[in-house]
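First the structure, in the form of structure tokens, and then the observations on it.
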Amino acid sequence: MTSLTAPTNRLHTPGDLVAALPYLLGFHPVDSLVLLLLENGTIAQTLRVDLPPERNDRRVAEELAAPLEGQSHFRVVALVIGGGRGDPPEELPREHLVAHLVAAHACAGVAVTRAVWCPATAKGARWFDYHDLGETGAVPDPMATAVAAKAVARGYVTHRDREALAATLAPDSEESLSRRSALLDHVVAEAEAHDYDDPGVMVRHRELVRREVARAQERTCPLTDREIVDLAYALSDPWVRDASLAEAIGGHALGAERLWTELTRATPHPEMAEPAALLAFTAYIRGDGALARMALDRAQEALPGHRLSVLLRMALDNGMPPSTVRNLAERTADAPWFPTTPTRPPTPTPTPPSTPPAPAAPTPPATSTPPSVPPPPAAPPPSSASTPLTAPPPPAAPPPPAAAMPTGASPTPTTAPATTTASTTTSAPATAPDHTPTTTPTPATAHIPTSAHHPPDNRHHPAAPPAVTNSTSTDSGANTDTTTEAATATEKGATKAPSAPTTNPSVNPAPTPANPASTPNAAGEEPQAT
């Protein structure tokens, strides 16, 4: 067996790819279409969808190809697992779906270099090539692959099917959730009574989350109701939640995923949206698109329009690579949001309304002093009688009182400049008089919620409406833990695929790419997996 410390683990045949799928997806796919996107011989992204009804083959193929429009540097390997009727090797199931996939990707400028059918991911299952029905082989033992060994060594579990994976996020009993909801109400009321409005509370909440993440990897007993409520209350502060994104990287990533999973099951609505979003983020950057989507569904169920969940869903649906999303966690880990010594942030003091200033003196006509002529001797200020018949500029308005920020709401960025000058008439001097009011820039600390228990996304402050998602449900991502350089000994050209009418791909947004893995490509190299 290839050493886990080896730089790459090669996948030599399509059978090796099929055997690796359960560890790349987190479960054994059944009746599924899996697309592996190869870039420079490495699997960049993996996408899985349920096999559609045959009448929808063309639409689904076009939706899958649409995000790759013009990205000719990608190569695609299609794996059909299961799929019903067929008489291999003379006739393979879902040939029309594969033909539409080849045509749609060709219109997008991307080649489908290989397409394989296999009834299951089990040991000994026979795989067949759609491009060459005479090429076949047996799937090796999935448990004996290098990808499987690496997944087990890192503590990740592979489930028998997608439903078993979804069951890991099933909520606790209604009685338990109601009990914790009542306790959470009590904790919130107690915090409001003590007026905990300083960053020190956020620091303590952040440290609580860090401690629980650190011990989650070794902890064997479930969290108590009080521990669940304390963590839910801490994570309901958006600053604490956002800082907790950094737990997805580093030595405690597995502990973080276990803690977020437990809290997703155990936390009442709407606070459950926070650990569910954190779980989705952790699964996303690990390349587990299926789990990420399930967690996002739970977050939206708890709090429709939950902001972080909406952003992550958009990233998935637009095929953003997990490496890009991971950079967010790395920047979050370095962000100095939490002072080492708790201090109360400076509170912006509203400027009291001032007495309106006297009207400004009108400006003499601009033609009185030609630029090329030396200025005449200074004259006394003109009297009101000598003032030209021009209406004086209106008095400058006093500065408006500082707008009150809703409790716990973060100010929305605007395009207005930091300072503004009162408007004047066209005859006003180029330099504003000393009394011209300006608005005070918002202090850097003004975005800190005024109360940690009143964040924008919780039971007190509902979030925005949910975003519209694509009609095709997909499991997608890119598996950075098991990056694979994939190649096959022989390129299987798209021209050998079953014929289908070539049509332009739909412009509808397509499902997002999923876990990156290992796969054979068209370059004649041996596939490799780190």
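Tabulated data for the structure shown
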| item | result |
| --- | --- |
| Relative exposure of Ile285, Ile249, judged by other C-beta atoms within 10 Å (fewest first) | Ile249, Ile285 |
| Point-to-point label distance, Glu39-Glu190, nm (Cα→Cβ direction, 7 Å offset) | 4.9 |
| Fully extended contour minus Cα-Cα distance, from Arg55 to Ser323, at 0.36 nm per residue | 92.9 nm |
| Label point distance in nm, Ala182-Ala120, each placed 7 Å from Cα along Cα→Cβ | 4.8 |
| Candidates per trypsin sites (Lys or Arg not before Pro) in region 217-262, loop by DSSP, up to 14 other Cβ within 10 Å | Arg219 |
| Glu218-Ala138 FRET efficiency (beta carbon distance; Förster radius 41 Å; 0.05 resolution) | 0.55 |
| Rounded to whole Hz, the Karplus (6.51, -1.76, 1.60) HN-Hα couplings of region 53-66, x for glycine and proline | x, 4, 5, 9, 4, 5, 4, 5, 4, 5, 5, 6, 7, 4 |
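Values quoted throughout were computed directly from the atomic coordinates according to the rules given, and no laboratory measurement underlies them. These numbers were taken from a predicted model, which means no experiment stands behind them. Please note: Cβ atoms are built from the backbone with ideal geometry, for glycine as well, and neighbour counts cover all protein chains shown.
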